[in-house]
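Okay, so here's the structure we're looking at.
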Amino acid sequence: MAISKSMKFIAEMERKHNKKGEGVNFERKIFENVNDPSFERWLPLPLPGLQKVFGGQLLKGRIYQFQGQESTGKSTIATYMAACVQQEPTQNNVLYVDFEMSFKPDFAKALGVDITPIQEGGKFLLCQPLTGEEAFDVINGAIETGEFGLIIFDSDATVATDAELEKGADIAFGGAAKLFAGALRRLNGLLKKSGTILCWISQERASMEMYGSPVKATGGNAIRYYAAGRFKISRRTDLFDAGNNKASLAKGIVIKIKNLKNKVKVPFRETELYLDFAKGFDVDGSYVEAIIDLKIIPLAGAWYKDLERGISVQGSAKLKEWLLDPLNKDVFEELKQKVTEAYTNEIEEDKSRVVALNSEGELEEVEVLNPDEEPRLIL
């Protein structure tokens, strides 16, 4: 059987370009088989709120940006993702690049992270570099090992360049943006080939522009283009113990997450997470809220009734109490699986909206009068 010219071309290109390279422990393929199960590798997320806004799971080998003002929960969500990565059977090391010098081991442990250093046989590596050039050298080396599932970059607003440290900020104006653009251009392909997730944290600062949004993420626009998912993180309110309403006695916060961009799942979703400073996220409570939100258990008036599962309670508080009862663990596990399937397999068929740019220059959904009208982008 004669070999076609296309097959000869593919064989020649693979011979020239399919190689690991010195110090690289994963194969750099120039052609990919989209039918291969390994083409898309996913990281499961056990927290329903994150499942909703991320589309059930994270696609490995992609860049995700968390953007927001200070003390809104960006680093907390990234740290929780580290705990998820460490549960994977392989490629479960985590590199935390801490430019803010604010990593708290006790809080990370409360979120489920194993902070035992790799040097001591663990899965965690903390890096606190002085310059961006140092950081990207470490990141590039970590990716090439093929053993890191997640790299957290916290955060771009605190990055200094070599030139800035040597010559001062005035001489190095715009240096961080130039550094990020070049680094992300180099890392984007390496991340995909290795299957490493890069979680990029961006701090918002007051914008110097006379129009548009009054706040803007620092470090230029490169991350906006390279990120497969962009998420706006904000703090909706504080949580207090019963009877206490003073800020000094706050025991947690409510984190609001808004999806601004998602190239791999359904975009423009919003969710809220309840964070306890001492205990971390309430995963079981979040599942109960998702079960109610998705209407998995039929609601008749004020009663939740599912006779097949033996559920007949009045009000959401009683439902939560029933589901969290250890005697009903099997039913709760079944319902949790339904929540995960609903968020993971969700396909958007809603034609009663358009995607438009709001006054802050961000994409959002707006309703249309004619539900038969196809969704369109208004610029």
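The values are calculated or read from the model by the stated rules, or taken from the named source; none is laboratory data. Because the structure is a prediction, the values reported are computed rather than measured. So basically every Cβ, Gly included, is an ideal-geometry build from the backbone, and we count neighbours across all protein chains shown.
Total residues in the stretch 41-58 satisfying the condition of being farther than 18 Å from Lys338 by Cβ and either without any contact (Cβ under 8 Å) to a residue 60 or more places away in the chain or in contact with a strand residue (DSSP E or B) (Cβ under 6 Å, 6 or more places away or on another chain) (or both): the figure is 4. Counting only residues that are under 29 Å from Glu164 (Cα atoms) and not hydrophobic (A, V, I, L, M, F, W, C), which one in the stretch 192-210 is surrounded by the fewest Cβ atoms within 10 Å (Cβ to Cβ)? Residue satisfying both the conditions and the ranking: Glu209.
Inspection of the stretch 348-357 finds no residue satisfying the criterion of being over 22 Å from Phe231 (Cα atoms), modelled with pLDDT of 55 or more, assigned to a loop (DSSP other than H, G, I, E, B) and not hydroxyl-bearing (Ser, Thr, Tyr).
Applying the condition of being crowded, with 17+ Cβ neighbours inside 10 Å and at pLDDT below 95 to the stretch 111-128 and asking which residue is nearest to Thr76 (Cα to Cα) yields Leu111. Within the stretch 306-324, the set of residues being within 26 Å of Thr271 (Cα to Cα) and among the charged types (D, E, K, R) comprises Lys318, Lys320, Glu321.
Hey, any hits in the stretch 35-46 for a residue that's polar (S, T, N, Q) and closer than 19 Å to Lys193 by Cα? Yes: one or more hits.
Kindly evaluate Glu32 against the criterion of being in a loop (DSSP other than H, G, I, E, B) and surrounded by fewer than 15 Cβ atoms within 10 Å (Cβ to Cβ). So Glu32 fits the description; yes. Can you confirm whether the stretch 156-171 contains a residue that is surrounded by fewer than 19 Cβ atoms within 10 Å (Cβ to Cβ), assigned by TED's automatic domain parsing to the domain that holds Tyr80 and in contact with a strand residue (DSSP E or B) (Cβ under 9 Å, 6 or more places away or on another chain)? The answer is yes, given that some residue of the stretch 156-171 is surrounded by fewer than 19 Cβ atoms within 10 Å (Cβ to Cβ), assigned by TED's automatic domain parsing to the domain that holds Tyr80 and in contact with a strand residue (DSSP E or B) (Cβ under 9 Å, 6 or more places away or on another chain).
Among the numbered conditions (1) within 21 Å of Gly189 (Cβ to Cβ); (2) modelled with pLDDT of 80 or more; (3) of a type in the set (Gly, Ala, Ser), the only one that Gly49 does not meet is (1).
Per this entry, Val138 is not counted among residues that are touching a Gly at 6+ places or on another chain (Cβ under 9 Å), closer than 27 Å to Ala83 by Cβ and hydrophobic (A, V, I, L, M, F, W, C).
Kindly indicate whether Ile255 is assigned by TED's automatic domain parsing to the domain that holds Leu47, buried (at least 21 other Cβ atoms within 10 Å of the Cβ) and under 20 Å from Phe99 (Cα atoms). Against the criterion (assigned by TED's automatic domain parsing to the domain that holds Leu47, buried (at least 21 other Cβ atoms within 10 Å of the Cβ) and under 20 Å from Phe99 (Cα atoms)), Ile255 does not qualify.
Scanning the stretch 67-89 for residues that are closer than 21 Å to Leu47 by Cα and in a loop (DSSP other than H, G, I, E, B) gives Ser71, Thr72, Gly73, Gln86, Gln87, Glu88, Pro89.
Being closer than 22 Å to Ser102 by Cβ, in a strand (DSSP E or B) and of a type outside the set (Val, Ile, Thr): is that true of Leu165 here? In short, no.
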